[in-house]
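Reading through the structure tokens given below for one structure.
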Number of protein chains: 4
Amino acid sequence: MNDETTTIAQLRQRITTFNDERDWGQYHSPRNLAMAVSVEAGELLELFLWSADGGPQPAVESRGPRVAEEAADVAITLLNFCERAGIDLADAIDSKLDANAVRYPVDKARGRMLKHDELDG
Amino acid sequence: MNDETTTIAQLRQRITTFNDERDWGQYHSPRNLAMAVSVEAGELLELFLWSADGGPQPAVESRGPRVAEEAADVAITLLNFCERAGIDLADAIDSKLDANAVRYPVDKARGRMLKHDELDG
Amino acid sequence: MNDETTTIAQLRQRITTFNDERDWGQYHSPRNLAMAVSVEAGELLELFLWSADGGPQPAVESRGPRVAEEAADVAITLLNFCERAGIDLADAIDSKLDANAVRYPVDKARGRMLKHDELDG
Amino acid sequence: MNDETTTIAQLRQRITTFNDERDWGQYHSPRNLAMAVSVEAGELLELFLWSADGGPQPAVESRGPRVAEEAADVAITLLNFCERAGIDLADAIDSKLDANAVRYPVDKARGRMLKHDELDG
């Protein structure tokens, strides 16, 4: 599988099959999966602790291979969440980017990482 | 866009264009984006605070529309992260599920949500 | 040390000495420590994954001893953060509870876990 | 209240009274409070997004007053957690620092922010 040819639906199907084989659906309430997304995000973040802006990221070379693994864990858990919460993720992303385009107009937001309510006239 | 027909690469392209228009790439180090993934995961989790196992999730109906938005924010930030960290997400998910299949064999893991090192014979 | 007799300042002193002996202060920017608080919070949360409302928490007995350890890690990191950000934590807690008492008046908030902007007249 | 004179027990008492007046204890399972600690940690982290190593932290001056508030929220939630999980926090911190002193001996750990299993001879 690769990003070029793989649809979100194909990833969801692969993950759902994995869960079904293990009968894990009984634990997969939206609330439990939202907890799990946060836990996995924390494990990804841990790899970048004490890195420097201008230095290697992560700071410790031996952590390198774990970066893709932890990113995958966040994605798998989030796709599980979408499955259980009835969310079409591609549609949600598309809609959110449309909304963000209004909140962060190009002329005001260019080069500035402020929250939309911190952008002035 | 919808999950059935949208590839990961198409989502990445849509997000990269959004960032390029705003010249936000200069802030998007892997470390900064790993921080942002955690922040967004916390915002998703907040919607499910004080929900009950058997009750509606989220507990407050008016939070409903925000669930897809916050899930989208986690995904957008994670795809930004993958862009900057040079990760093919579909490949990473595929590889992680292969590894998980070894760590969580069907006969041991069925119906049990234990970590792999908590599963005994 | 115990909660009954130990002041926040005594805990801060104990932690500062620990860091000074290891020359770790150079890494302890507020931003880095805010990252570390999130990472430690995720490790605490992980212990409670897949627990049930009415069941033992955490769900797996062998995780029990780790609960106090992970809670301590969150506290140590937060006290480090306060040290570097120039925050008197007892004063901040006192002020925040005063503010919360206004946002969550007893008669409106009793028995209801809504955010202050979700509480109606 | 201030760090110099305030004990952990005094903070816990102040927080418990606040909760009792609002009858919030019914929602305060260890699991729910562990979720809340993560949510609050995310809100603290958000203030430091897109800051630079050498620049002001947080990057946006108007976020300044919120730093102490969010740090207080993490602490309040963690003290609630300790109350419900039966943890003496000062004792837990003391024990964890003792354990860390063994895992991170001064001569190996000085000036190096590696995890204990990344420190070599």
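The values are calculated or read from the model by the stated rules, or taken from the named source; none is laboratory data. A quick note: this is a predicted structure, and the numbers were derived from the prediction, not measured. In this analysis, Cβ positions are derived from the backbone assuming ideal geometry, glycine residues included, and neighbour counts consider all displayed protein chains. When the accessible area is computed, the model is the full protein with side chains, heavy atoms only, and any ligands, DNA or RNA have been set aside. Shrake-Rupley method; radii C 1.70, N 1.55, O 1.52, S 1.80 Å.
Structure above, values below:
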item	result
Over chain C, relative contact order from alpha-carbon pairs under 8 Å, at least 6 apart, %	27 percent
Neighbour net charge for D:Asp98 - beta-carbon separation under 15 angstrom, K R +1, D E -1	-2
Fluctuation leader among B:Leu44, B:Leu89, B:Leu97 - chain B, Gaussian network, Cα springs under 10 angstrom	B:Leu97
Given C:Lys96/D:Lys96; A:Lys115/C:Lys115; A:Lys96/B:Lys96; A:Lys115/C:Lys96; A:Lys96/B:Lys115, the pairs whose alpha carbons are separated by over 32 Å	A:Lys96/B:Lys115
Calculated label separations, D:Glu61, copies of the chain, 7 Å along the beta-carbon direction, nm	4.4, 4.7, 5.9
Mean shadow area of the protein assembly as shown, taken as a quarter of the surface of its Cα convex hull (nm²)	22.5 nm²
Total formal charge among the other residues, if their Cβ is under 15 angstrom from that of C:Asn2, Lys/Arg +1 and Asp/Glu -1	-4
Fraction of accessible area attributable to carbon and sulfur, the protein assembly as shown (%, probe 1.4 Å)	46 percent
Per the axis that maps chain B onto chain D, nearest residue of B (Cβ criterion) and its distance in Å	B:Gly42, 1
Choice from D:Gly54, D:Gly25, D:Gly64 with maximal GNM fluctuation in chain D (Cα, 10 Å cutoff)	D:Gly54
Helical contribution to [θ] at 222 nm, DSSP H n ≥ 4, -39,500 (n - 2.57), averaged over the protein assembly as shown, rounded to 500	-19500 deg cm²/dmol
Accessible area expressed per residue, chain B, with surrounding protein chains retained (probe 1.4 Å, Å²)	41 Å²
List of region A:1-15 residues, accessible area with partners at least 40 Å² below that of the chain alone (1.4 Å probe)	A:Met1, A:Asp3, A:Thr7, A:Ile8, A:Ala9, A:Leu11, A:Arg14
Of the DSSP H helices in chain B, those whose Cα atoms cover at least 27 Å axially and whose Kyte score averages -0.5 or more	B:64-85
For the pair A and B, total buried accessible area rounded to nearest 100 Å², probe 1.4 Å	6300 Å²
Stokes-Einstein D for region C:18-73, Kirkwood Rh over Cα pairs, 37 °C, 0.692 mPa s (µm²/s)	251 µm²/s
Per-copy distances of the A:Gln26 label point, shortest first, in nm (7 angstrom along Cα→Cβ)	2.9, 5.4, 5.5
Rotationally averaged projected area of region A:1-48 (alpha carbon convex hull; nm²)	4.6 nm²
Inter-copy separations for C:Arg112, label at 7 Å along Cα-Cβ, nm, ascending	3.8, 4.5, 5.7
Euclidean distance between Cα centres, region C:24-103 to region D:67-121, Å	9 Å
Convex hull volume per residue in cubic angstrom - Cα atoms of chain A	170 Å³
Net dipole in debye of chain D [+1 Lys, Arg Cβ; -1 Asp, Glu Cβ; about Cα centre; nearest 20]	220 debye
Solvent accessible area, Å² - D:Thr5, 1.4 Å probe, full protein context	90 Å²
